[in-house]
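**Student:** This is the structure, below, for whatever I ask next.
The values are calculated or read from the model by the stated rules, or taken from the named source; none is laboratory data. Small disclaimer: the values here were computed from a predicted structure and weren't measured. We place every Cβ from the backbone using ideal geometry, glycine too, and count neighbours over all the protein chains shown.
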Amino acid sequence: MSSPTADVSVRVAWADDAAAIAAVQLRTWPSLYGELVPVEDIPSGPEAEEAAAAAWRQSLTTPGDARNRVLVALERNRVCGFAITGPAADPDCDPVADAELREITVDPGERGRGHGSRLLQAAADTMSADRFTRAVTWAPAGDDALRSFLTDAGWAADGAHRELQVDESGDVRLKQVRLHTSLT
């Protein structure tokens, strides 16, 4: 007799997923940006969730490019994480051949349950199905866990780096490194 297995999956996001994706995103921001900006400055609460959900709904209904995808990791029918893919936008990338994993986020309370691995594999499969041959992603330079997760999955640093302005004053900057992988 086999033991029961969890009902987990990954699928393309629907507009109806907007509020759940926004909630995951907002719950994740303190762990991502809490060392860069005061936690009280990170958007939270019902108004922030409504605004984020509206932005997600708009993005999901009018993606701009047919190859822009949002995937959601599910446990039963509950969104536990999401990934965003599309053509790479970096000036040294070929938008026909190079895809970008723009974000991969798993709810902090759901980490370590395989959702990230399923999302990463589904994202790679999706980018490959869209006929991209290489994928790139940007990871915070100080996020050793994310970089380790990606390198364990076959991604490698390609030498590119950048700094993003996090606050309006320009005083807080996020250093990132770019990783890449072959999709063939």
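**Student:** Answer yes or no as to whether Ala99 is farther than 28 Å from Val12 by Cβ, out of contact with any Pro (no Cβ under 6 Å at 6 or more places or on another chain), in contact (Cβ under 8 Å) with a residue 60 or more places away in the chain and not in a loop (DSSP other than H, G, I, E, B).
**Tutor:** Working: farther than 28 Å from Val12 by Cβ: no; out of contact with any Pro (no Cβ under 6 Å at 6 or more places or on another chain): yes; in contact (Cβ under 8 Å) with a residue 60 or more places away in the chain: yes; not in a loop (DSSP other than H, G, I, E, B): yes.
In short, no.
**Student:** I've got another one for you. Pull up the stretch 93-102, narrow it to residues that are surrounded by fewer than 16 Cβ atoms within 10 Å (Cβ to Cβ) and not hydrophobic (A, V, I, L, M, F, W, C), then point me to the one that is nearest to Val72 (Cα to Cα).
**Tutor:** So in the stretch 93-102, the residues surrounded by fewer than 16 Cβ atoms within 10 Å (Cβ to Cβ) come out as 94-97.
Okay, now just the ones that are also not hydrophobic (A, V, I, L, M, F, W, C), so 94-95.
Working: Asp94: 26, Pro95: 24 Å.
Looking at residues that are surrounded by fewer than 16 Cβ atoms within 10 Å (Cβ to Cβ) and not hydrophobic (A, V, I, L, M, F, W, C), I get Pro95.
**Student:** Within the stretch 144-184, which residues are of a type in the set (Phe, Trp, Tyr) and either under 21 Å from Asp92 (Cβ atoms) or at pLDDT below 95 (or both)?
**Tutor:** First, the residues of the stretch 144-184 that are of a type in the set (Phe, Trp, Tyr): 149, 155.
Passing the criteria: only Trp155.
**Student:** Restricting to the stretch 85-96, name every residue that is assigned to a strand (DSSP E or B) and not small (Gly, Ala, Ser).
**Tutor:** Step one: filter the stretch 85-96 for residues assigned to a strand (DSSP E or B), giving 85-87.
Within the stretch 85-96, Thr85, Pro87 qualify.
**Student:** Also: Considering only the stretch 121-132, I want to know if a residue exists there that is in contact with a Lys or Arg (Cβ under 6 Å, 6 or more places away or on another chain), at negative phi and assigned to a helix (DSSP H, G or I).
**Tutor:** To start, the set of residues in the stretch 121-132 that are in contact with a Lys or Arg (Cβ under 6 Å, 6 or more places away or on another chain) comprises 126, 130.
In the following step, the residues that additionally are at negative phi were identified as 126, 130.
With assigned to a helix (DSSP H, G or I) added as a condition, the list becomes 126.
Yes, the conditions are met somewhere in the stretch 121-132.
**Student:** Taking the stretch 106-120 as the region of interest, how many residues are of a type outside the set (Gly, Ala, Ser), assigned to a helix (DSSP H, G or I), buried (at least 16 other Cβ atoms within 10 Å of the Cβ) and within 14 Å of the chain's Cα centre (by Cα)?
**Tutor:** Step one: list which residues in the stretch 106-120 are of a type outside the set (Gly, Ala, Ser), which gives 106-108, 110-111, 113, 115, 118-120.
Checking the rest, the ones that are also assigned to a helix (DSSP H, G or I) come to 108, 110, 115, 118-120.
Still in the list and also buried (at least 16 other Cβ atoms within 10 Å of the Cβ): 110, 115, 118-120.
Okay, now just the ones that are also within 14 Å of the chain's Cα centre (by Cα), so 115, 118-120.
Result for the stretch 106-120: 4.
**Student:** Quick one: in the stretch 5-63, which of the residues that are more than 14 Å from the chain's Cα centre (by Cα), part of a loop (DSSP other than H, G, I, E, B) and small (Gly, Ala, Ser) is modelled with the lowest pLDDT?
**Tutor:** Ala6
**Student:** Take the stretch 161-179 and flag every residue that is part of a strand (DSSP E or B) and either loosely packed, with under 13 Cβ neighbours inside 10 Å or free of Cβ contacts under 8 Å to residues at least 60 places away in the same chain (or both). Break it down into steps so the answer makes sense when it comes.
**Tutor:** Taking the stretch 161-179 and keeping what is part of a strand (DSSP E or B), we get 161-165, 173-179.
Scanning the stretch 161-179 gives His161, Arg162, Glu163, Leu164, Gln165, Arg173, Lys175, Gln176, Val177, Leu179.
**Student:** Could we say that Arg67 is out of contact with any Leu (no Cβ under 9 Å at 6 or more places or on another chain) and surrounded by fewer than 13 Cβ atoms within 10 Å (Cβ to Cβ) here?
**Tutor:** no
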